[in-house]
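Here is the structure we will look at, set down as structure tokens.
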Amino acid sequence: MPAHAVVHFPNIDKTRINELRDEYDPYRGLIDVHITIVFPVRVDEQALVEHIEKTLECWRPFEVRLKGLLLSFDQWLFLTVQDGNRRLVKLFEEMYTGLLASHRRHDIEFVPHIGLGYFGMEDYDLDDPTAVPLDQSRYEEALRKAEAAELDFETVIDRVTLIEVDDQFTQTTIVKEFLL
């Protein structure tokens, strides 16, 4: 069974973000600039579609501002959500009920973000992402570039997209888009 994730593809000028991702994001070729709402899970696709539809029934579009940089616990540089963060966290929490309740990682705080790059000294370890040490010099170089890029975007969360991720995490396919 393939993995599925729920993401938002922001309607912003992605040029400066992609310049950073081209250099530092090992998943750049896998997926476009996005904010993850549901991380990859293996569940029945039709049941997941129904769960998403039910979850979104009471949701309406809302604005967010992407500004601010953060190094995550697992060595990723994030462009964070400054305004609208609480709404995205609430959407995340509502998605991880019912069908997805058992898939939620309570040991990891959800930080709405766009990933700009990975700075572990080794390949990312899905089983223990904190085990990989930080490549400090590479991270500092990227941080300087990200700060110089003055990343500051306003957009509207008006839709989310269900994607399928192949078993090797080398390709994604859009399954369905859902309007808020």
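Read-outs throughout are calculated quantities, based only on the coordinates presented, and are distinct from any laboratory measurement. Just so we're clear, the structure is a prediction, and the values are computed from it rather than from any experiment. Because the Cβ atoms are built from the backbone with ideal geometry, glycine has one as well, and the counts that use them run over all protein chains shown.
Mind listing the long-range amide H neighbours of V175? Cut-off is under 5 Å, sequence gap 5 or more, other chains count too, H placed in the peptide plane at 1.01 Å from N.
L162, I163, E164
Could you give the longest part of the chain that holds none of the GluC sites (Glu not before Pro) found in DSSP loops with at most 11 neighbouring Cβ atoms within 10 Å?
Between exposed loop sites, the widest span is 1-56.
Scaled to the compact-protein estimate 2.2 N^0.38 Å, what is the alpha-carbon radius of gyration of the stretch 1-52, rounded to two decimal places?
Taking the Cα Rg and dividing by 2.2 N^0.38 Å, one obtains 1.37.
Enumerate the calculated ³J(HN,Hα) couplings along the stretch 161-171 in order (Karplus 6.51 cos²θ - 1.76 cosθ + 1.60, θ = phi - 60°), each rounded to whole Hz, writing x wherever the residue is Gly or Pro.
10, 8, 10, 9, 10, 5, 4, 8, 6, 10, 8
Given Cα positions, please report Rg to Rh for the stretch 113-156, the hydrodynamic radius being the Kirkwood one.
Using only Cα positions, Rg/Rh for the stretch 113-156 is 1.07.
Would you work out the relative contact order for the chain, in percent, from Cα pairs under 8 angstrom that are 6 or more residues apart? Could you put the intermediate results ahead of the total?
On the way: 321 pairs, mean separation 60.3, N = 180.
After rounding, I find 34 percent.
Could you list which residues have their amide H under 5 Å from that of G120, counting only those 5 or more apart in sequence or on another chain, with H placed in the peptide plane?
D135
Could you calculate, for the chain, the ratio of the Cα radius of gyration to the Kirkwood radius, expressed as Rg to Rh?
Looking at the chain, the ratio lands at 0.94.
In sequence order, what are the phi-derived ³J(HN,Hα) couplings for the stretch 99-110 according to the Karplus relation 6.51 cos²θ - 1.76 cosθ + 1.60 with θ = phi - 60°, rounded to whole Hz, with x for glycine and proline?
Coupling constants for the stretch 99-110: 3, 9, 3, 6, 9, 6, 8, 6, 7, 10, 6, 7 Hz.
Please compute the net charge surrounding T97, taking Lys and Arg as +1 and Asp and Glu as -1 over other residues with Cβ under 11 Å from its Cβ.
Values: positive: K54, R104; negative: E93, E94.
Within the 11 Å Cβ shell, the charges total 0.
From the P(r) of the stretch 30-73, could you give the percentage of C-alpha pairs in the tail past 14 Å?
Beyond 14 Å sits 72 percent of the P(r) for the stretch 30-73.
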